[in-house]
Amino acid sequence: MKRELELNVNDELWEVNVEPHKTLLEVLREDIGFTGAKEGCGLGACGTCTVLVEGAPLLSCLTLALEVQHKRITTIEGLVEGGRPDPVQKAFIEHGAIQCGFCTPGNILSAKALLDRNPRASREEIEEALAGNLCRCTGYQKIVEAVESLVGSE
Amino acid sequence: MIRLPKMDHAAPSTLIDACSLMREQGEKARLLGGGTDLLVASKLRNVKPSLVVSLGGIPELRGIRFDEKEGLRIGAMTTLNELRYDPNVVGHYPALAEAAASVGTTQLQYMGTLGGNLCLDTRCMYYNQSEPWRKSRAVCLKMGGDVCHVVPKAKKCYAVFSGDMAPALIVYEAQVKLVDSAGQRTVNLKDLYTGDGKSPNQIKPGEILSDVTIPPPVEKQGSTYLKYRVRGSIDFPLAGVAVRVTLKDSGICQDCRIVLNAVSFGPVPVPDAENVLKGRELKEDFIDQAAEQATKAAHPVANAIGATPSYRRKMIGILTRRALMSLAN
Amino acid sequence: MGSETYSQVGKAQPQIDALAKATGQAKYTADFNLPRMLVGKLLGSPHPHARVLSVDASKAIALKGVKAVVTGRDVLGKKYGMFKSRRDETGLALKARYVGDPVAAVAAVDEETALEALDLISIEYDVLPAVFDPEEAMKEGAPQLHDEYERNVVADTHYDFGDADAGFKESDHIREDHFFMQPNSHGCMEPRGVLVDYDITGKFTMWTSTQSPFHVRRDTSRALGIPLSKVRIIKPHVGGGFGGKIETHPMHIAAALLAMKTARPVQIILSREEEISITRIRAAMQIHVKTGVRKDGAIMAQYVKIIADSGAYSSTSIMMMYNAGLSCMIPYRIPNFKYDGYQVYTNKAVSGPFRGHGANQPRFAVESQLDMIAEDINMDPAALRLRNASQTGDTTISGLNFVSCELSRAIEESTKKAEWDKKRGRKETNRGIGMACGGFVCGARGAGHTASGTNIHVNEDGGVTVLSGASDIGQGCNSMMAQITAEELGIPVSDVTVIAADTETTPIDPGTFSSRVTFYSGNATLIAARQVKSQLAEIAATLMEASADDILFRDKKVFVKGSPDRFIPFGELVKRAEGFGHGRLIIGQGQWAPTNTQFPDRKTKWGNVSGSYSFSTQIAEVEVDRETGQVKVLDVTIGDDCGQVINPMSVEGQAEGSVYMGIGHAFLEQTIFGDNGQMMNPSFLDFKMATPLECAPATMVEVGKPDPIGPYGAKEIGEGLLITSVPAIVNAIYDAVGVRIKELPVTPEKILDALEKKETEGKS
Ligand SMILES: Cc1cc2nc3c(=O)[nH]c(=O)nc-3n(C[C@H](O)[C@H](O)[C@H](O)COP(=O)(O)OP(=O)(O)OC[C@H]3O[C@@H](n4cnc5c(N)ncnc54)[C@H](O)[C@@H]3O)c2cc1C
Ligand code: SF4
Ligand code: FES
Ligand code: FES
């Protein structure tokens, strides 16, 4: 029952051979080896599995891998370019928006998607856009501040 | 990781192909929109489809088209995020945009489709649980057993409809087109819902909801959707109210639609509340009376985490009042 | 605060592993795998109380890909647990005591096969009567969970200091109130997991999401009857703990057993449902408080009685009940204090340590009641607290000794900042402001070993490696130790590598709990770093012909005091040291435990359990919607005496995290149990943790002074702040609309009911 499929993850083509019921999260973590996307709940309620598909923040735990063939998939690992972290990653680091780090990839990718479509996002818009990414450690203040620091700077 | 049951996947590229696939496969096949409800249900083994038929590759099911004379046509695979930000939707049918913005989270709005939202399964805290969890109790009506854990002597399932889009669409008199390999039919969205928590809508196996149409906006029309949930994000509604009011030049209410959400098997239109307002000025005392009628029409049961039935009922009244007050101003 | 003389201490620093976390490179337990690795799954009991009569696993074993099935008969039945006197877990139960209690486990080639196998295991149970309410469970004839504990009372803790009766007699005003604080999940974003490798020499290596590798080592060794030294626990990155990941979990025992049986690596990662429902929760507590005050507000006596729901196993019950009483003694001077604490088994999910271990619940009760007393005697709640606030040098009637205490200052400064006087009592706005005070230990030492150690070695390029047994679970202790090391050695934090929490390579450590890590491991690191420094200084002194006392470490250079151009680069000095004399290795070894503590007396509980104590005041401002009963927290002001701040970024992070969690505890979070004791909401959809939309900004005012014992004068902040979040909010709600919620969580419905009741009472 396995199918050959080709996924474009982080600007690279990955050929994988998986069963049709595999989620993108499973394939990323288990078949390709991008473990930056996490399973916090597996049921759509926490955002730790967020990845970008054509720039949109999607939950990889509720996305079948087969559904995203031929689409541009970006994981947290893919934000690093030429060994340099993305400005969103840098802002999270510098603002202390990272404690245990388990929610961090998802939060950063949600923030990235927001800033790409709305570089002038207000504080309220930031809070709303990140409200699908639970964080148990930080209380969100520093996460929101990190994103705010990038508003208008791009 | 939470695993999906084994199932096959097909991705037809036309609606006709999708229909014939669905006919061939019968009840074992399920349509896959954004998958945010179906895949959760599959992971929990509430459903165990042997095939999912993806609608993502069918261009006919996409897109929002607006015409001043014809009204709005929305393809079933339109995402909630598209609806939320569509200028015509925001401009002419604001309750729709508000409802879309109130669904789940940003990610879920990017993934969730209108079709999936309208065909959302009903919810219950004894049902939306994993298979091992459910093993601690007798199988309930919704899973094919013969008891209900919420309403002890119930003959039917009281699981609650919690899709946010339907009530908002119903106040605009939306219709849905259902297509199958034999043909198609058009149904008032209001009539799509069956009044049984076990199988909440009358879409037959093999049928596909292809699009939603809404008549053109009426002049001097105001509309809104208000939702109560515990958190400002993630949560399903515990109560919701969609309202549309059209006013005469005199300020008298010409027509009015009030539809409740998340307090029954499907969206609940409240003609008694509408009648209070029709032909009257939108004034506080009439609004209060309408809100009272809305409260009377709401009969939630204790099947959701987050609020008691009595509070959800109370919120129906408050939301109705607030929605109408906001339109009166 | 003297921080200008420091190069690192007091400076905001991102965590040293922030880049790894931001780029997805940080590895958590689930991110590891090994060749030939099997996946393990636990099978839970569907009954709240049932004896396992027989297990038929033949169908499961016959399934292709299934490699082993283990049950309660495969473990030795040797009980383990954190406290010797309360060991009551075996790993896999022969008698299940709550729905979900693990009774068997399988290992298979992949998770899907393992799940399928679970379905094929058939177990015959003898279903026993169950009990879900602690007060019911205490009654004669109630179903008994563990034979050893009569009437299910697993912890029975009493304090009687001074003469409470006399104190109440001397009081002008006495109040008695009853409160309830709800059970709650830690909600760590990372569900816990374990990966075990078992080799031919009989050695187990475990990577696991834990706050205490050394405890897991001890329990695993006990439960499976294998020598301690044959178990190695390595802590990778951990996605939060909050107290929930201190103890050993059945998954550890099951995974080790399966690995041993199959001679293959086995990984078990809990699902979210399991993480919430079969690990640990915070104990629900019924709290009865009686307080007597004089007209001037002086507290004369206090009596606290608590009945706590232990759930199916004891966990840290005795420590929790001890703490619950102890924490009442910290913030205020109480001349006569009596306490009766009971923790009782029920057939529900297991209660255990939770950030603020045992202190959250009584703090909520006492701080709520203090506000009621203030109103009764017509005194400002801030003034009442100030009147009774503990002071530096105090020894409480129970023997706690406060070597530093800036609580009064915390009250004064935070009320000023929050505009307390201006904002109180404006009911017409539906806004209100409320406060609460608290105090917390910096590592409670009840018994046994609790010292921490740090080893430091210096590499020839000047890079420094710190080895510590402390567990960084996200709070940032690795960064704290790096910062201390960098401070002492005059090098940048980025030159320090911290290897932490590996039972085989790092010093022994009790773990991350009781807010002990900065205090203990910080001091141990300081000692080790100073040793390195003096070893290097001695050599530098010889090389530069100066006195060792005059050698300074700064900016990656080693100077002679007063001569900025006489220096050796730090790395070069290390290199030179290696060839110095007969050759030297620069190694620092620090170990530390406070010497001013005193074990509490077994009987009376008199003693001083912590080297120092933190103190805090929290002020919340809320707005209440009188129509819906919904509350929004607008703002929180914090005065926290956590001593000298080592890293302001971490301190703010802990404060903001506490405020966020407090909002959740006040309004949203709660584990709910069904009529069969089953958890009804083991998911992130239904166990409702706050999103950014429910949070409030927190402002901190500086109040701490360096503590004489903590490293550079630092004290704790991770737990002590959470305990004041909830009562501050509840008091603010009262100020806003005049209703007092005594049972948590505060729901809009409770507010409306209370408002309604108040109105009808007002009319009659
Ligand atoms: C954590 C969480 C929170 C959520 N919160 C909300 C909320 O607040 N409000 C809300 O309304 N929803 C909520 N949802 C549910 C869901 O995300 C949305 O309702 C979404 O719009 C469903 O659309 P979908 O395309 O993902 O549906 P799918 O899962 O693809 O489909 C849902 C059902 O409809 C059927 N179906 C799909 N498309 C068609 C079609 N064209 N014709 C016929 N049948 C079809 C499917 O077979 C399936 O049975 C939440 C979900 C999660 C996981
Ligand atoms: S309402 Fe009753 S029958 Fe329906 S899902 Fe809930 S428990 Fe089952
Ligand atoms: S893991 Fe996908 S949303 Fe939680
Ligand atoms: S940093 Fe730990 S969950 Fe967000």
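The values are calculated or read from the model by the stated rules, or taken from the named source; none is laboratory data. Given the structure is predicted, the values throughout are model-derived calculations rather than measurements. FYI the Cβ positions are ideal-geometry reconstructions off the backbone, even for glycines, and counts take in every protein chain you see.
Residues to consider are A:ALA56, A:ALA37, A:ALA45; find the one that is more than 22 Å from C:ASP110 (Cβ to Cβ), within 16 Å of ligand 4 (Cβ to nearest atom), surrounded by 18 or more Cβ atoms within 10 Å (Cβ to Cβ) and hydrophobic (A, V, I, L, M, F, W, C).
A:ALA45
So which of C:GLY704, C:GLY664, C:GLY639 ends up being in contact with a helix residue (DSSP H, G or I) (Cβ under 9 Å, 6 or more places away or on another chain), in a helix (DSSP H, G or I), of a type outside the set (Phe, Trp, Tyr) and more than 7 Å from every other protein chain (Cβ to nearest Cβ)?
Sole residue among the options that is in contact with a helix residue (DSSP H, G or I) (Cβ under 9 Å, 6 or more places away or on another chain), in a helix (DSSP H, G or I), of a type outside the set (Phe, Trp, Tyr) and more than 7 Å from every other protein chain (Cβ to nearest Cβ): C:GLY664.
From A:ALA97, A:ALA65, grab the single residue that is surrounded by 23 or more Cβ atoms within 10 Å (Cβ to Cβ), modelled with pLDDT of 95 or more and within 16 Å of ligand 4 (Cβ to nearest atom).
Working: A:ALA65 fails: within 16 Å of ligand 4 (Cβ to nearest atom).
One residue alone meets the criteria, A:ALA97.
Within segment B:195-214, identify whether any single residue is part of a loop (DSSP other than H, G, I, E, B), modelled with pLDDT under 95, within 16 Å of ligand 2 (Cβ to nearest atom) and over 28 Å from B:GLN107 (Cα atoms), and answer yes or no.
yes
Yes/no per residue for (1) more than 16 Å from ligand 3 (Cβ to nearest atom); (2) at pLDDT below 95; (3) within 14 Å of chain A (Cβ to nearest Cβ):
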| residue | (1), (2), (3) |
| --- | --- |
| B:GLY35 | no, no, yes |
| B:SER54 | yes, no, yes |
| B:LEU72 | yes, no, no |
| B:GLU82 | yes, no, yes |
| B:VAL89 | yes, no, no |
| B:ALA100 | yes, no, yes |
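Please go through segment C:667-688 and give me each residue that is aromatic (Phe, Trp, Tyr) and either at the interface with chain A (Cβ under 7 Å from one of its Cβ atoms) or within 16 Å of C:GLU719 (Cα to Cα) (or both), ordered by number.
Of everything in segment C:667-688, just one residue is aromatic (Phe, Trp, Tyr) and either at the interface with chain A (Cβ under 7 Å from one of its Cβ atoms) or within 16 Å of C:GLU719 (Cα to Cα) (or both), namely C:PHE684.
Taking segment A:29-44 as the search range and keeping residues that are touching a residue at least 24 places away in the same chain (Cβ under 8 Å) and facing chain C (nearest Cβ under 8 Å), which one is nearest to A:ALA131 (Cα to Cα)? If you could, list the steps in order and put the result at the bottom.
Kept after step one, since they are touching a residue at least 24 places away in the same chain (Cβ under 8 Å), are these residues of segment A:29-44: A:32, A:34, A:36-38, A:40.
Those still in the list that are facing chain C (nearest Cβ under 8 Å) too: A:34, A:36-38, A:40.
Working: A:PHE34: 24, A:GLY36: 20, A:ALA37: 17, A:LYS38: 17, A:GLY40: 15 Å.
Here the residue is A:GLY40.
Within the bounds of segment C:398-417, is there any residue that is surrounded by fewer than 16 Cβ atoms within 10 Å (Cβ to Cβ) and at positive phi?
Looking for residues that are surrounded by fewer than 16 Cβ atoms within 10 Å (Cβ to Cβ) and at positive phi, one finds none in segment C:398-417, hence no.
Step by step: first the residues of segment B:131-171, then only those that are away from ligand 2 (no atom under 11 Å from the Cβ) and within 14 Å of another protein chain (Cβ to nearest Cβ), then the one that is nearest to the chain's Cα centre (by Cα). Which residue is that?
Going through the qualifying residues, I end up with B:SER162.
Tally time: how many residues in segment B:117-140 are within 19 Å of C:ASP675 (Cβ to Cβ) and in contact with a Lys or Arg (Cβ under 6 Å, 6 or more places away or on another chain)?
1
Cβ-Cβ under 8 Å, sequence separation 6+ or interchain: first residue in segment B:44-63 and in the same structural domain as B:SER20 (by TED's automatic domain parsing), partner at pLDDT 95 or above and of a type in the set (Phe, Trp, Tyr). Which pairs?
Short answer, once both residue conditions are applied: B:ASN46/B:TYR127.
Being away from chain C (no Cβ under 14 Å) and free of Cβ contacts under 8 Å to residues at least 60 places away in the same chain is true for just one of B:LEU277, B:LEU327, B:LEU260. Which residue is that? Don't jump to the end; show me each part of the working.
Numbers: B:LEU327 fails: free of Cβ contacts under 8 Å to residues at least 60 places away in the same chain; B:LEU260 fails: free of Cβ contacts under 8 Å to residues at least 60 places away in the same chain.
So the residue among B:LEU277, B:LEU327, B:LEU260 that is away from chain C (no Cβ under 14 Å) and free of Cβ contacts under 8 Å to residues at least 60 places away in the same chain is B:LEU277.
Of the residues C:ASP550, C:ASP565, which is of a type in the set (Asp, Glu) and crowded, with 16+ Cβ neighbours inside 10 Å?
Numbers: C:ASP565 fails: crowded, with 16+ Cβ neighbours inside 10 Å.
Unique residue meeting the criteria: C:ASP550.
Can you go through A:SER110, A:SER122 and tell me which one is modelled with pLDDT of 95 or more, hydroxyl-bearing (Ser, Thr, Tyr) and away from ligand 3 (no atom under 16 Å from the Cβ)?
Of A:SER110, A:SER122, the one residue that is modelled with pLDDT of 95 or more, hydroxyl-bearing (Ser, Thr, Tyr) and away from ligand 3 (no atom under 16 Å from the Cβ) is A:SER122.
Considering only residues that are within 14 Å of chain C (Cβ to nearest Cβ), more than 11 Å from the chain's Cα centre (by Cα) and assigned to a loop (DSSP other than H, G, I, E, B), which ones fall in segment A:45-68? Full working, then the answer.
The first filter runs over segment A:45-68 and keeps only residues within 14 Å of chain C (Cβ to nearest Cβ), leaving A:45-52, A:59-62.
Narrowing the set further to residues that are more than 11 Å from the chain's Cα centre (by Cα) leaves A:45-46, A:61-62.
Hits for segment A:45-68 are A:ALA45, A:CYS46.
For segment C:452-482, name all the residues that are within 14 Å of chain A (Cβ to nearest Cβ) and of a type in the set (D, E, K, R).
Going residue by residue through segment C:452-482, those that are within 14 Å of chain A (Cβ to nearest Cβ) are C:471-480.
The one that is within 14 Å of chain A (Cβ to nearest Cβ) and of a type in the set (D, E, K, R): C:ASP472.
Suppose we keep only residues that are surrounded by 22 or more Cβ atoms within 10 Å (Cβ to Cβ) and outside any loop (DSSP other than H, G, I, E, B) within segment C:682-699. Which one would you say is nearest to the chain's Cα centre (by Cα)?
C:ALA698
For segment B:105-112, does any single residue satisfy the condition of being of a type outside the set (Val, Ile, Thr), more than 14 Å from chain A (Cβ to nearest Cβ) and crowded, with 22+ Cβ neighbours inside 10 Å?
no
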